[in-house]
Amino acid sequence: MSIRVEGLYYTYNPGTPFERAALEDVNLDIHDGEFIGIIGETGSGKSTLIQHFNGLLKPTRGRVLVDAVDIWQRDVRLKDIRQKVGLVFQYPEHQLFEETVFADVAFGPRNLGLDEDEISRRVRRAIEMVGLDFEAVRDRSPFELSGGEMRRAAIAGVLAMEPSVLVLDEPVSGLDPRGRDELLREMETLHREFEYTVVLVSHSMEDVARLAKRLVVMHEGRVVADGPVREVFCMTDLLRDTGLGVPQVTELMHELARRGKQVRTDMLTVEEAKAELLRLLRSEGRVR
Ligand code: ADP
Ligand code: MG
């Protein structure tokens, strides 16, 4: 499933003293099977943009096409679009409300009018997909779970709708490092094993860099860069100007290059930088 955004503008509270242009001329193509990261500092328009992907917000100007169909055409059922494009809001656990994890994850499928067998099948599958033990959590209150588990239960609720695209708004914010790593790994699995198209929204370069193949950088309501992760990581001036900052490993490699060392500068992770530094030290005969 593909999503295309054409000349999108969005203004909050038009014609009032609170008028605020949140998106300006955004153009974007998300292809089937991609893992794409959308990054930008707070207030750059990320959340506003992704709420257009499934028709929660209506463009002030421009078009949103899902599988080449303009979703605001009169004969399109937005309910179908919302089922196909699963949106996980920031802090989704705040929307958990049922007495058991099962009932919570079953809420969406039940609203689709599915029979009990199908609901059970979907709930079990979704809970297992996010790496939780179905038997262990099904009858527990979501509020007894750890923060990371609660978040995953909430994501399972979206997966139980069996969408084709999964859009996650700052999915790891507020989790401890372990919860964050576990959840990011689950996202990777969803993409690889279940072939989900994943859109991961974050203000952290480090989080998206490990998973996304392509990065879209937003700044003041516009897309200011869009390309392969390594290319975007090399745009150090742009990243500094947009308030994102350059990841420490990238900064370090650039500093070494500035000092005349023959090192690659397109490092995304600490592991990659370590390998490159060891190679440099060996070539200088400083380690064996
Ligand atoms: P991000 O998700 O990147 O932090 P948002 O899409 O939330 O950015 O916000 C983009 C801009 O729109 C910001 O200037 C923000 O203040 C404004 N904004 C967001 N939501 C609303 C709203 N409900 N009403 C008015 N302005 C809003
Ligand atoms: Mg946001």
(request) Name the one entry in 223, 208 that is touching a Leu at 6+ places or on another chain (Cβ under 8 Å), within 16 Å of ligand 2 (Cβ to nearest atom) and within 23 Å of residue 267 (Cβ to Cβ). (result) 208
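Yes/no matrix, rows are residues, columns are (1) closer than 23 Å to residue 174 by Cα; (2) at pLDDT below 95; (3) more than 16 Å from the chain's Cα centre (by Cα):
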{"residue": "57", "(1), (2), (3)": "no, no, yes"}
{"residue": "60", "(1), (2), (3)": "no, no, yes"}
{"residue": "66", "(1), (2), (3)": "no, no, yes"}
{"residue": "71", "(1), (2), (3)": "no, no, yes"}
{"residue": "74", "(1), (2), (3)": "no, yes, yes"}
{"residue": "80", "(1), (2), (3)": "no, yes, yes"}
{"residue": "85", "(1), (2), (3)": "no, no, no"}
{"residue": "88", "(1), (2), (3)": "yes, no, no"}
{"residue": "95", "(1), (2), (3)": "yes, yes, yes"}
(message) Among the residues in region 153-168, are any touching a Gly at 6+ places or on another chain (Cβ under 9 Å), in a helix (DSSP H, G or I), under 17 Å from residue 35 (Cβ atoms) and within 16 Å of ligand 1 (Cβ to nearest atom)?
(response) no
(request) Would you mind stating whether residue 19 is over 24 Å from residue 164 (Cβ atoms) and touching a residue at least 24 places away in the same chain (Cβ under 8 Å)? (result) no
(request) Could you please find all residues in region 56-80 being over 20 Å from residue 214 (Cβ atoms) and within 16 Å of ligand 1 (Cβ to nearest atom)? (result) 56, 57, 58, 59, 60, 61, 62
(message) Between a residue in region 116-132 that is on the phi < 0 side of the Ramachandran plot and any residue that is assigned to a helix (DSSP H, G or I) and among the polar types (S, T, N, Q), which pairs come within a Cβ distance under 9 Å, given they are 6 or more apart or on different chains?
(response) 129/189
(request) Filter region 5-29 down to the residues that are of a type in the set (Phe, Trp, Tyr) and under 16 Å from residue 219 (Cα atoms), then identify the one that is nearest to ligand 2 (Cβ to nearest atom). (result) 10
(request) Working only within region 16-33, note down all residues that are assigned to a strand (DSSP E or B), of a type outside the set (Gly, Ala, Ser) and within 16 Å of ligand 1 (Cβ to nearest atom). (result) 20, 23, 24, 25, 26, 28
(request) Could you please tell me which pairs satisfy a Cβ distance under 7 Å, a separation of 6+ or placement on different chains, a first residue in region 34-51 that is near ligand 1 (Cβ under 6 Å from one of its atoms), and a second residue that is modelled with pLDDT of 95 or more and among the acidic types (Asp, Glu)? (result) 44/220; 47/169
(request) Specify the residue that is surrounded by the most Cβ atoms within 10 Å (Cβ to Cβ); the eligible residues are those in region 80-135 that are part of a helix (DSSP H, G or I) and touching a strand residue (DSSP E or B) at 6+ places or on another chain (Cβ under 8 Å). (result) 81
(message) Just to be sure I understand, how many residues within region 34-55 are of a type outside the set (S, T, N, Q), more than 13 Å from ligand 2 (Cβ to nearest atom) and assigned to a loop (DSSP other than H, G, I, E, B)?
(response) 2
(request) Would you please name the residue that is surrounded by the most Cβ atoms within 10 Å (Cβ to Cβ), looking only at residues in region 265-286 that are at negative phi and part of a loop (DSSP other than H, G, I, E, B)? (result) 267
(request) Determine which member of the set 222, 214, 178 is exposed (fewer than 15 other Cβ atoms within 10 Å of the Cβ), of a type in the set (Lys, Arg), in contact (Cβ under 8 Å) with a residue 12 or more places away in the chain and within 26 Å of residue 244 (Cα to Cα). (result) 178
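A quick yes/no check of all residues on (1) within 16 Å of ligand 1 (Cβ to nearest atom); (2) among the basic types (Lys, Arg); (3) at pLDDT 95 or above; (4) under 15 Å from residue 85 (Cα atoms):
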| site | (1), (2), (3), (4) |
| --- | --- |
| 148 | no, no, no, no |
| 172 | yes, no, no, no |
| 192 | no, yes, no, no |
| 196 | no, no, no, yes |
| 201 | yes, no, yes, yes |
| 212 | no, no, no, no |
| 224 | yes, no, yes, no |
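The values are calculated or read from the model by the stated rules, or taken from the named source; none is laboratory data. What you see is a predicted model, and the numbers here were worked out from it, not measured in a lab. With ideal geometry, Cβ positions are generated from the backbone for all residues, glycine too; neighbour counts draw on all protein chains shown.
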